[in-house]
Amino acid sequence: MRPPVFRPPGWRERKPWQLQDGRKDRRKRGRAGMRDRAQVLAEEPFCRLCLAAGLHVRATVVDHIIPLAWGGSDERWNKQALCTACHDAKSAAERKNGPPADIARRLAKLKADWLASTS
Ligand SMILES: [Zn+2]
């Protein structure tokens, strides 16, 4: 027989996929999430993808470069500011194509590049 398990108030059973990354990698919700989004947009006022094409378009959306559903992180290095059009196009392409085969390598490179640029 198993000993009784303590459940804090508000505890709900979670499905395995809801536990995959541990707390620090899950999307921040509520106030913390709003502060994070505002911070990214303050740091990157223009859409990163448009900027790469030489266009200055005001960013309005904070995007996860590697989607959380694909194991992406909710940390700063996996976030970029985009305009709505780029975000919609990126999301559509992600839905259509699914995760790339080298996703783990891409994720590692994103983090390494970010750490190199901020040190
Ligand atoms: Zn754009």
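What follows is calculated from the coordinates using simple rules that are stated; it is not laboratory data. Everything numeric in this text was worked out from a predicted model, so none of it was measured. Reconstructed Cβ throughout: ideal geometry from the backbone, glycine too, with neighbour counts over all protein chains shown.
Below, the figures for the structure above:
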| read-out | value |
| --- | --- |
| Residue in segment 107-115 that is within 16 Å of the ligand (Cβ to nearest atom) and crowded, with 16+ Cβ neighbours inside 10 Å present | no |
| Residue in segment 79-86 that is within 18 Å of ARG27 (Cα to Cα), more than 10 Å from the ligand (Cβ to nearest atom), of a type in the set (Gly, Ala, Ser) and surrounded by 13 or more Cβ atoms within 10 Å (Cβ to Cβ) present | no |
| Which numbered condition ARG48 misses (of (1) of a type outside the set (A, V, I, L, M, F, W, C); (2) surrounded by 15 or more Cβ atoms within 10 Å (Cβ to Cβ); (3) more than 14 Å from the ligand (Cβ to nearest atom)) | (3) |
| Hits in segment 44-85 (condition: acidic (Asp, Glu) and over 16 Å from GLY33 (Cβ atoms)) | GLU44 |
| Test for HIS56: is it more than 9 Å from the ligand (Cβ to nearest atom), touching an Asp or Glu at 6+ places or on another chain (Cβ under 9 Å) and free of Cβ contacts under 8 Å to residues at least 60 places away in the same chain | no |
| All positions within segment 60-119 that are under 12 Å from the mean Cα position of the chain (by Cα), closer than 21 Å to CYS50 by Cα and among the charged types (D, E, K, R) | ASP63, ARG76, LYS79 |
